[in-house]
1. Grab the eigenvalues of the alpha-carbon gyration tensor for the range 245-291, scale each by 5, take roots, and send me the semi-axes largest first in whole angstrom.
2. How far is it, in nm, from the label point at Y368 to the one at L191 when both lie 7 Å from their Cα along the line to the Cβ?
3. Of S277, S175, S254, how do they rank once you tally other Cβ atoms within 10 Å and put the fewest first?
4. So for the range 285-394, Kirkwood radius off the Cα pairs, Stokes-Einstein at 25 °C and 0.890 mPa s: how many µm² s⁻¹?
5. For S55 and S333 in one chain, what is 0.36 nm times their gap in residues minus the Cα-Cα distance, to one decimal in nm?
6. What residues from the range 367-390 fall in the zone where the backbone N is under 19 Å from a label point 7 Å along the Cα-to-C-beta line of V323?
7. Computed FRET efficiency, Cβ-Cβ of V458 and S279, R0 22 Å: what is it to the nearest 0.05?
8. For the range 285-348, I need the span (max minus min coordinate) of the C-alpha atoms along each principal axis, in Å, sorted largest to smallest.
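Bear in mind that the values in this text are calculations on the coordinates, not laboratory data. Keep in mind the model is a prediction, meaning the values are calculated, not measured. Here the Cβ positions follow ideal geometry from the backbone for every residue, glycine too, while neighbour counts run over all protein chains shown.
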Amino acid sequence: MSSSAVDAPADAGFAVTRRPWLVLALTCAAQFMGVLDVTIVNVALPSMRDSLHLSEGGLQWVVSGYALTFAGFLLLGGRAADLLGLERVFLAGLAVFTAASLAGGVAEEGWQLVVARVVQGLGGAVLTPATLTMVTTAFTGSRERARALGIWSAVSGAGGALGGVIGGLLTGLLSWRWVLMVNVPIGVVLLLVGGWTLRGGHRPRTRAGLDLPGSVTVTGGTACLVGGIVAVPQEGWRSATSVALLAGAVVLLSAFVGVERAAANPLVPLAVLRIRSLSVANVLSLVTGGVVPATFFFMSLYLQQIRGLDPLGAGLAMVPAAVGIATGSVLASRLLACLGSRVLYLMGAVTAACGLLWLTWLDATGSYAGQVAAPLFLAMLGTGLGGLPLTMAATADPGPGGAGLASGLLNTSRQVGGAVGLAALVSLAATRTARESAHPAVVAQLAGYRLGWLWCAVVVLLAGVIGSLTLPREARTQPGEADEARST
């Protein structure tokens with residue numbers, strides 16, 4: 001999110017304050033769709049692979065393709081809403097997202113599905129920042145705004161946690177195509193409602209240009225980085241493909257830094273990175289961003305390929321993960337004041353690592369309660385506990401007019417970390433499975449999944465130690481911000 005996504009004034013001319021709760025319902029539905037599609041495809045991956053003959057690398061790009069463009073263009077989407085008109089950008093993003101969902105749902109080739117997911121991520125990146133701006137401009141009273149932001153944040157969290165469950169239900173009862181097609185009727189309805197609700201909406205407040213070079217270089221650099229990591233186990237470190245992709249990542253990400261230094265209206269003013277609490281929170285989010293998507297990725301494949309569950313059963317089997325995240329988030333808002341950010345973050349990291357290490361004892365015949373439900377709940381409980389301290393640290397001291405930028409950087413770090421981390425962990429697991437090829441397929445697959453969860457635990461523990469030493473000792477909020485921070 002750009003600063004415009006948060007700092008737009010209530011009197012910015014957004015003519016929807018007469019029906020604010022309708023605006024809230026519209027934005028929550030759109031936000032839910034955008035966040036849901038980060039994880040909804042996980043349970044459907046085996047069905048997608050069988051139907052479209054996708055390779056393991058192609059299968060991983062179905063997940064990472066969306067995450068990459070979503071993360072890379074998120075800041076640009078928020079800036080565009082401020083410069084081009086809020087209602088125009090919101091409806092344009094919704095239209096792109098809906099059309100890409102339709103294209104993915106009718107895909108007949110693997111590459112078509114991957115391209116559709118990439119475009120879908122772009123639509124989500126444009127759509128998501130606009131939803132928050134709409135909420136903050138539609139609600140002018142402090143209490144109403146806090147309540148509305150709490151609802152918006154709860155819906156965002158629910159979308160990420162329920163992706164596997166809803167994906168399993170749709171895949172099991174209908175087909176994998178409906179994890180994408182379900183967005184089409186919802187998107188059409190939201191476009192019709194939005195076209196009526198947002199008439200006479202927020203207009204551009206500045207003529208400053210969009211930082212397209214910055215957005216393109218950071219997204220392209222991240223894509224090359226993920227592609228290089230995916231290529232390594234298949235091609236080797238010294239292959240032309242791996243070297244070219246990793247070198248391209250270095251060049252493009254270096255170019256991004258140069259572009260931002262020279263830009264009149266940079267996507268990310270580099271001076272903001274000197275704020276220690278913000279930088280620490282972003283580094284920790286970047287490092288740990290791949291843990292949750294990788295856990296769901298491995299668990300989805302384990303439940304279906306090792307335990308023999310259908311997509312519906314696999315989706316329902318991962319309900320404890322959603323319960324764990326929700327429980328951890330609620331407990332974090334109550335524990336932060338008495339424990340402080342450092343202790344709470346370390347507690348979350350240790351809890352999550354215990355659950356992840358427990359998952360490394362999985363076998364093909366153990367009980368569901370003891371080998372899946374309990375460790376999965378524990379791992380996600382720790383994740384929920386650790387999320388709030390990072391949010392508080394990132395937004396503690398953003399400087400004048402920088403709260404939105406700080407929030408956007410944190411969200412982008414999580415998404416980019418998720419894409420890169422997932423690629424790295426999947427590659428590690430695939431390499432281990434290949435080395436165990438002399439053993440039965442089940443044994444080889446289990447070895448890969450266990451190694452993946454082991455590395456997830458190591459990453460989380462290291463982040464916990466670093467966070468316990470570098471995060472602000474106490475959570476700091478401005479008046480009226482505490483409730484909003486707790487709901488994030």
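1. Working: eigenvalues 86, 69, 10 Å².
Equivalent ellipsoid of the range 245-291: 21, 19, 7 Å, largest first.
2. In this crude label model, Y368 to L191 measures out at 4.0 nm.
3. On the way: S277 21, S175 15, S254 12.
In increasing order of surrounding Cβ atoms, one gets S254, S175, S277.
4. 172
5. Numbers: separation 278, 0.36 × 278 = 100.08 nm, distance 4.23 nm.
Extending this stretch completely gives an extra 95.9 nm.
6. Correct set: 367-385.
7. Values: r = 23 Å, r/R0 = 1.03.
So the FRET efficiency works out to roughly 0.45.
8. The Cα atoms of the range 285-348 stretch 45, 23, 13 Å along their principal axes.
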